[in-house]
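Engineer: I'd like to ask you about the structure that follows.
No lab work stands behind these numbers, since they all come straight from the coordinates. Since this is a predicted model, take the numbers as computed values, not measurements. As a convention, Cβ positions derive from the backbone with ideal geometry for all residues, glycine included, and neighbour counts pool all protein chains shown.
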Amino acid sequence: MKGFISRRLKSMTALAALAVASLLLVLLAACGDATATPAPATSGVTSPATTSAASTPTAAATTAASTTAAATTAAPTTSAASTTSTPAATSGTGSSATATGKKSLETAKGTVDSFDSSTGTLAVKEANGQTADFNATKATVVAVSKLSLADFSGLSFTGKTVEFNAQPGTDGSYSPTSLTVVDQTAMANNVKGTKGTSAGTSAKAPKTKKAGATAATTTPGATSTSDRVVLQNVTVSGDTLTGTTATGTSVTVHLNDATTLNQRVAEKPSDLTAGDKLTVDFRAQGKKATGPANALAIVIEK
């Protein structure tokens, strides 16, 4: 009996010791939490290390935000610069164009290599040996041929004008080095300036040349000058030609064997034959254009 009681007491003592140990551990843990938790609240001062650690991410975040803002700001700036350069490039691309967007008038000289009447394609062999193609379906075609004084005097000048470049002499008459007879009726609606069906509509009175002044002529490929004289109602007697300007002023012209006499008549693209000498006025094609350039005026030299 005594042995049983002794074993029970030892067992109870061991259990009590475990309970006390567990209680002490709980108390120690509770005391540790109570000591650590109030420290920041009661001191009101954050340790430098903590401040540094806390501020570092914040600064990094601020720096990152600044970097993001800088990137955001830089992006529109770059985009704006890019947008501005585009019109400049477009303007540069169109530098050869006029304000109306048209290319400048260009001229090609050579001989007829071939003409395809079915497509209206004219091939011109230039002096450098290269061949240039043109669409001649809507071109104004004229032929210029030289005349002797006898042939010139025998012409009928009805519906025709005589054009030349010269300044009047002291007596008001002219002695041009060359002149051209133009069939105004046949040349109606000429794109180079001899418009209309009545003779002399483009005629004007002679005027004194102003230094440096130039004006377009009515002859395709001719040299421009302010001394252009256009006469109608022309008659020829021997080596003297008389006519009137559009204002009715009478003009006398002296001819001689050295005077170059030309006749300009209307032709059709189908009249183009291989070997003919010619001058082609055309507008250059744009970079994206396909097919040959459009010929505006073609002058055949007979």
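Engineer: If I model a spin label at residue 137 and residue 249 as a point 7 Å from the Cα along the Cα→Cβ vector, what separation in nanometres do I get?
Structural biologist: Label-label distance for residue 137 and residue 249, simple model: 4.5 nm.
Engineer: Quickly work out the residue 287-to-residue 270 label distance, labels modelled 7 Å from Cα along the C-beta direction, and quote it in nm with one decimal.
Structural biologist: My value for the distance between the label points is 4.1 nm.
Engineer: Sort out for me the Cα centre separation of the range 253-302 from the range 137-166, rounded to whole Å.
Structural biologist: First find each Cα centre; the distance between them is then 14 Å.
Engineer: For the pair residue 277 and residue 167, what calculated FRET efficiency results from E = 1/(1 + (r/R0)^6), where r is the Cβ-Cβ distance and R0 = 41 Å, to the nearest 0.05?
Structural biologist: E(calc), rounded to 0.05, equals 0.85.
Engineer: Continuing with the same structure: Between residue 239 and residue 116, what FRET efficiency comes out of the Förster formula 1/(1 + (r/R0)^6) with R0 = 41 Å and r the beta carbon distance, rounded to 0.05?
Structural biologist: That gives a FRET efficiency of 0.35.
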